[in-house]
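The values are calculated or read from the model by the stated rules, or taken from the named source; none is laboratory data. As the structure is a prediction and not an experimental result, all values here were calculated from the model. FYI the Cβ positions are ideal-geometry reconstructions off the backbone, even for glycines, and counts take in every protein chain you see.
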Amino acid sequence: QAKQPLAGKQVLVSAGGTQERIDPVRYIGNDSSGKMGTAVANAAAAAGADVTLVATKMLPVLPAVDAVYVTSAAEMHDAMLANFEGADLVVMAAAVADFRPTTVSGNKIKKQSGDDALHLDLVQNPDILAEMGAQKSHQYLVGFAAETNDLVANAQAKLERKGADMIVANPVGYGQGFNTDTDTVTILRPDQAPLALDEAAKTEVASTIVRLAAMAM
Ligand code: C5P
C-alpha cells in the first residue's frame with residue numbers, strides 16, 4: 001500500500017496555457033507546455049488515484065487519467081469547478097491568462113491604412129485557484145507560482161491570497177520553466193519552512209509534489 005498512497009482518492013489537475021480568442025484566426029497565449037501538469041496527473045495515477053486532467057495540451061497520460069480538453073480560461077474555469085466538489089486533491093498547474101479580449105471579433109481584424117497602432121480591450125479572467133481556495137471544504141489545494149523575480153516572497157503572498165495548502169514556486173524566463181523538461185522549484189506551505197528542491201526532471205518534481213500532498217491529506 002506504500003506505493004499507492006492515493007488509492008481511492010479523486011485528483012483534479014489543470015495543465016497548459018489558456019488561449020484567449022481575439023478573432024477567428026488569432027488568440028492571446030503563453031509559453032506553458034502542459035508538461036508539469038500532465039506529469040502531476042500521471043504521478044497521481046501512479047499513486048493509485050482516479051484523475052481528471054483539464055488541459056489545453058494533450059500529452060500522453062496513464063489509463064487512470066481522464067483527460068478533458070479546453071482552450072480558454074472560461075472553459076477551464078467551468079471544467080475545474082464542475083469537478084471540484086468530488087475532488088480530494090486539486091493541483092492547478094495551468095498557466096491561466098489573467099485577461100481576455102472584452103469582445104471577440106466575428107471577422108478577422110484588418111489593418112486599416114494609416115493605422116500605426118491597434119488597441120485591444122481586455123477584461124480580467126476569473127482566478128480559478130482563488131475561487132477554489134474560497135470554496136474548499138476537505139480538498140487539499142496546490143497552486144503554482146511562475147515568477148521572474150522575488151520568487152519566494154511572491155509565492156508566499158500567493159499562498160495566503162489564494163487560500164492554497166501548497167504553492168510550488170518556479171523561476172521562469174528564457175530557457176527556464178516553460179517548455180523545458182526540468183524545473184528547480186521551491187515548495188511553500190503554511191507554517192512550514194520553504195523546501196527548495198534541486199533541479200530535477202518535471203516527472204520527478206511531480207512525484208515529489210504528489211507524495212508531499214498525500215502525506216498531508
Ligand atoms: O497569480 P498567478 O497567475 O501567478 O497565480 C498562479 C496560480 O494561480 C497557478 O496555480 C494558476 O494555475 C492559478 N491561476 C488561476 N486562475 C487565474 C490565474 C492563475 O487559477 N486566472
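What to note about this one:
- Sole exception among (1) under 13 Å from the mean Cα position of the chain (by Cα); (2) surrounded by fewer than 15 Cβ atoms within 10 Å (Cβ to Cβ) for Asn170, by number: (2)
- Residue, surrounded by the most Cβ atoms within 10 Å (Cβ to Cβ), within segment 94-129, restricted to residues that are out of contact with any strand residue (DSSP E or B) (no Cβ under 9 Å at 6 or more places or on another chain) and within 30 Å of Pro194 (Cβ to Cβ): Asp127
- Check on Ala82, at pLDDT 95 or above and within 17 Å of the chain's Cα centre (by Cα): yes
A quick yes/no check of all residues on (1) at pLDDT below 90; (2) away from the ligand (no atom under 11 Å from the Cβ):
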| residue | (1), (2) |
| --- | --- |
| Asn125 | no, no |
| Met132 | no, no |
| Met166 | no, no |
| Asn179 | yes, yes |
| Thr184 | no, yes |
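- Where strands (runs of 3 or more DSSP E) fall entirely within segment 86-149, those with at least 1 residues that are closer than 30 Å to Pro5 by Cα are at 89-92, 140-147.
- Options Ala47, Ala67, Ala87; residue that is at negative phi, more than 15 Å from the chain's Cα centre (by Cα) and away from the ligand (no atom under 16 Å from the Cβ): Ala47
- Per-region count, segment 134-149, residues loosely packed, with under 14 Cβ neighbours inside 10 Å, without any contact (Cβ under 8 Å) to a residue 40 or more places away in the chain and within 16 Å of the ligand (Cβ to nearest atom): 3
- Only one entry of Asn107, Asn42, Asn125 meets the criterion of being over 13 Å from the mean Cα position of the chain (by Cα) and within 28 Å of Arg211 (Cβ to Cβ), and that entry is Asn42.
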